[in-house]
Amino acid sequence: MAGLRLEGLRKSFGANEILKGVDLALADGEMLVIVGASGCGKSTLLRLVAGLESPTAGRILIDDQDVTGRDPSARDIAMVFQNYALYPHMSVFDNMAYGLKIRGLPKSEIRAKVDAASSLLGLDALLDRKPRQLSGGQRQRVAMGRAIVRDPKLFLFDEPLSNLDAKLRVQMRGEIRRLQRRLRVTSLYVTHDQVEAMTLGDRLLVMHQGVPVQLATPTEVFERPADTYVAGFIGSPAMNLLPGILGRNGTVVAVEGTEIPLGNRRFARPDGHPVTLGIRPEHVALDPAGTSWPVEVVELLGSEMLVHAGRADGASLTLRLPNGAALSDTVRVSFPAGQLHLFDRATGLRLEAVA
Amino acid sequence: MERRTLFPGRLLPALLILPQLALTVVFFLWPALQAIKSSLEREDAFGTSTEFVGLENFADLFSDPLYVAAIGRTALFCVCVTALAMGVALLLAVLADTEIRGRAFYRTMLIWPYAVAPAMAAVLWVLMVHPQIGLVGAWLNRIGVAWDYKLDGTQAMALVIVAAAWKQVSYNFIFFLAGLQAIPKTIVEAARIDGSRGFHRFRTIVLPLLMPTVYFLLVVDLVYAAFDTFATVYAVNGGGPGQSTQTLVLKVYLDGVVNANIGSSSAQSVVLMAGVIVLCAVQFRYLGRKAVT
Ligand SMILES: Nc1ncnc2c1ncn2[C@@H]1O[C@H](COP(=O)(O)OP(=O)(O)OP(=O)(O)O)[C@@H](O)[C@H]1O
Ligand SMILES: [Mg+2]
């Protein structure tokens, strides 16, 4: 039973506070994916858990044991780095066996473990090679192998797939997911990639400038983003966000003077309250009776296309339409009530309907 | 990645390397040929006539017990200087590579000895270890150690080894530090996470990745100790007491210039030249092998 708990974790480099209090609990065997913009402190968080940096404040508990002050070598974790960090002077076998040798395992046991891991990852034929004789994908696998032979309490992944080409990334993504499900090792996985974020983890943590802003299942984060930052960050292309005013007793939003009904939902804010209306590009509907938007750019993506429309006042809107949809200089669109998200414009926080 | 600049024609490239070639011819090739020539000749006692004697000078050299002893002494000197200079430099570089306060100051201080002229360095050491006026030397005698490098050959040898090594530590330090900093941090971090600590991590990860630097410095230091320590050794004790610090380079000078035995001295310099060529060949081989194995 190896869970992970972070309590009030903070980290400053000099005067810069990079992590501003992270609280987190992972159940045994859970995989948590961490996403956030570049520089928001994802790697720093991972390095704190690994023990490569020491926190300014807060505690790290693995398996209910406080490991905050412990050296990385005493934490029983494994980490897969973005650049793999294989030992260049050792063969694939020795790369994987290194940690086991340090633990003083008998030779036969080391051999058995390395063999098991390498056949799991399809590395059997490569055991005698040096890292420089491997392709990027193979190196990635060796890095994975080095992590799993150790049978650690915790896996840490720092953007492990970002140096691979698109096709290999899809394949390795599937493999990592299968491996993690099979081995059921508690894992933290940092990524930039939307698809990895949505598909890999049991839960998703969105970070923004050193603060965790939403921690939920990927579906929940996608369907009910906690604030405008998450709404704009998760989903590609990003959710459309339009400034509006709440009206008619909290049942409509007026955008540019056009009232958009919110269905049978009602929001407990006074009329005239400034809000941000959110709708994903795939939910915007073409509607001859709707409001009109001048088309600026059309991007063809194969099976579908993205239409970027903009108005003179600076408001912009992106639509995702099936390829071949009839278009002219302007599109007329409407916003289906069931697909609308509402956020408080002042705080950016999500507003929930009262009924 | 190698960058090559191509100059057009033949005249310009020839012109550009001419100064260097001229220097090499005047200050190396010509004297070298001269040395080879006189190593095959013998002068009479008054320097009035010379006769061609073939390899006789060389034969005499290697049957001279003093020369054979000098070879052994030089080998010992080289090995000790190299080991000491590299060991100390590596230790200092490892310390300087860690995150410490005042790191820049510390590094600058370590690089300074390289800028001190060899004879100056020797004088500095002499002033420090002189049996009567030297800080360390006088102190040793006061606590009952019979320290006098002017009488005791072993002590003299130890002193020239330390003085020569001290000069070379800075050079080695710069290369070791650069080598250490070229090792990707994540590799060392991966080893930490794998459970490796302290000296074990140094031995299994850092040192193997530093081997190209080690090979390079090994050759450079051997060449330095064998051929480039004349000023230091000569300034400390002139090769004495007796012959106890007479290395091969010193002997060339003492036999040729001081004792005017040109034939033998030339033969000795030809032997030394052969030594330099061998070491340089080794160095080129290792420099050619840039990749980590
Ligand atoms: N050792 C350090 N000293 C000073 N500042 C640092 C240090 N390490 C990281 N930072 C700063 O901390 C911030 C967060 O860095 P971090 O590497 O955690 O970002 P990240 O979320 O992993 O970004 P990316 O997605 O680009 O990898 C950055 O602004 C970075 O400049
Ligand atoms: Mg990062």
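Structure notes:
- Criterion: at negative phi, of a type in the set (Gly, Ala, Ser), in a loop (DSSP other than H, G, I, E, B) and within 16 Å of ligand 1 (Cβ to nearest atom) - qualifying residue of A:Ser12, A:Ser43, A:Ser54: A:Ser54
- Here is the figure for segment B:176-199: residues that are assigned to a helix (DSSP H, G or I) and either surrounded by 14 or more Cβ atoms within 10 Å (Cβ to Cβ) or small (Gly, Ala, Ser) (or both) total 15.
- A:Gly3 meets each of the listed conditions (1) modelled with pLDDT of 90 or more; (2) away from ligand 2 (no atom under 16 Å from the Cβ); (3) under 17 Å from A:Val67 (Cβ atoms) apart from (1).
- Search result, residues across segment A:14-62 that are surrounded by 15 or more Cβ atoms within 10 Å (Cβ to Cβ), within 19 Å of A:Tyr189 (Cβ to Cβ), of a type in the set (A, V, I, L, M) and away from chain B (no Cβ under 14 Å): A:Leu19, A:Val22, A:Leu24, A:Leu26, A:Met31, A:Leu32, A:Val33, A:Ile34, A:Val35, A:Leu45, A:Ile60
- Checking the stated criteria, A:Leu48 turns out not to satisfy the condition of being within 16 Å of ligand 1 (Cβ to nearest atom), touching a residue at least 24 places away in the same chain (Cβ under 8 Å) and farther than 27 Å from A:Arg177 by Cα.
- Flag if A:Asp94 is closer than 23 Å to A:Val190 by Cα, more than 16 Å from ligand 1 (Cβ to nearest atom), charged (D, E, K, R) and outside any strand (DSSP E or B): no
- If the condition is being modelled with pLDDT under 90 and within 16 Å of ligand 2 (Cβ to nearest atom), then segment A:182-195 contributes A:His192, A:Asp193.
- Residue-level check: of (1) in contact with a strand residue (DSSP E or B) (Cβ under 8 Å, 6 or more places away or on another chain); (2) under 30 Å from A:Met198 (Cβ atoms); (3) away from ligand 1 (no atom under 16 Å from the Cβ), A:Asp64 misses just (2).
- Among the residues listed as A:Leu179, A:Leu161, the single one being surrounded by 16 or more Cβ atoms within 10 Å (Cβ to Cβ), within 16 Å of ligand 2 (Cβ to nearest atom) and either assigned by TED's automatic domain parsing to the domain that holds A:Ile279 or not hydroxyl-bearing (Ser, Thr, Tyr) (or both): A:Leu161
- Put simply, of A:Gly250, A:Gly314, A:Gly290 the only residue that is over 25 Å from A:Phe222 (Cα atoms) and out of contact with any strand residue (DSSP E or B) (no Cβ under 8 Å at 6 or more places or on another chain) is A:Gly314.
- Total residues in segment A:188-244 satisfying the condition of being in a strand (DSSP E or B) and over 18 Å from A:Leu46 (Cα atoms): the figure is 7.
- Taking (1) more than 16 Å from ligand 1 (Cβ to nearest atom); (2) within 14 Å of chain B (Cβ to nearest Cβ) in turn, A:Ala112 satisfies each apart from (2).
- Taking segment B:134-154 as the range and being surrounded by fewer than 11 Cβ atoms within 10 Å (Cβ to Cβ) and in a loop (DSSP other than H, G, I, E, B) as the test, the residues that pass are B:Ile143, B:Gly144, B:Ala146.
- Of all residues in segment B:114-143 being under 29 Å from B:Ile174 (Cα atoms) and of a type in the set (Val, Ile, Thr), the one that is modelled with the lowest pLDDT: B:Val116
- Any chance A:Gly69 is more than 14 Å from chain B (Cβ to nearest Cβ) and either under 21 Å from A:Asp193 (Cβ atoms) or within 12 Å of ligand 1 (Cβ to nearest atom) (or both): no
- The one condition in (1) more than 9 Å from ligand 1 (Cβ to nearest atom); (2) at pLDDT below 90 that A:Glu17 fails to fulfil: (2)
- Filter result (within 7 Å of another protein chain (Cβ to nearest Cβ) and on the phi < 0 side of the Ramachandran plot) within segment A:73-89: A:Ser73, A:Ile77, A:Ala78, A:Met79, A:Phe81, A:Asn83, A:Tyr87, A:Pro88, A:His89
Residues are listed down the side, and each one gets a yes or a no for (1) small (Gly, Ala, Ser); (2) within 9 Å of chain A (Cβ to nearest Cβ):
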{"site": "B:Pro184", "(1), (2)": "no, yes"}
{"site": "B:Arg192", "(1), (2)": "no, yes"}
{"site": "B:Gly195", "(1), (2)": "yes, yes"}
{"site": "B:Leu209", "(1), (2)": "no, yes"}
{"site": "B:Tyr224", "(1), (2)": "no, no"}
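- Residue under evaluation A:Tyr84, criteria (1) within 16 Å of ligand 1 (Cβ to nearest atom); (2) touching a Pro at 6+ places or on another chain (Cβ under 7 Å); (3) not aliphatic (A, V, I, L, M), criterion not met: (2)
The values are calculated or read from the model by the stated rules, or taken from the named source; none is laboratory data. What you see is a predicted model; the values in this text were computed from it and never measured. Virtual Cβ from ideal backbone geometry, glycine too; neighbours counted across all protein chains shown.
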